[in-house]
Amino acid sequence: MNIERHSLAKELPEFKDKIHELKMKDRHFARLFEDYHNVDHEVVRIEEGVENTSDEYLESLKKQRLHLKDQLYRILKCA
């Protein structure tokens, strides 16, 4: 099974340059970006069967990923 990664640049391609710029200049954005990347990586590992966990935990990770994406998007829109 081919699991799709949800990289921020892929999810928000219109902000690719702004994402790179903010990662370099804004510590808060960089931390949120790293958190997003780590959560996405964990979700993919679970969906690929590399890690086993409960469905509830996987759903909580997906909600956390969405919340982080929303925060990052708001920052990108205001920048």
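Within the range 29-56, work out how many residues are assigned to a helix (DSSP H, G or I) and open to solvent by 90 Å² or more (accessible area, probe 1.4 Å). Result for the range 29-56: 5.
Scanning the range 57-79 for residues that are touching a residue at least 24 places away in the same chain (Cβ under 8 Å) and part of a helix (DSSP H, G or I) returns Gln64, Arg65, Leu68, Lys69, Gln71, Leu72, Tyr73, Ile75, Leu76. Residue check: is His20 of a type outside the set (A, V, I, L, M, F, W, C), without any contact (Cβ under 8 Å) to a residue 12 or more places away in the chain and out of contact with any helix residue (DSSP H, G or I) (no Cβ under 7 Å at 6 or more places or on another chain)? Taking the combined requirement at face value, the residue satisfies it.
The values are calculated or read from the model by the stated rules, or taken from the named source; none is laboratory data. Note that the structure is a prediction, hence the values are computed from the model and not measured. As a convention, Cβ positions derive from the backbone with ideal geometry for all residues, glycine included, and neighbour counts pool all protein chains shown. Heavy atoms of the whole protein, side chains included, go into the accessibility calculation; ligands, DNA and RNA do not. Shrake-Rupley method; radii C 1.70, N 1.55, O 1.52, S 1.80 Å.
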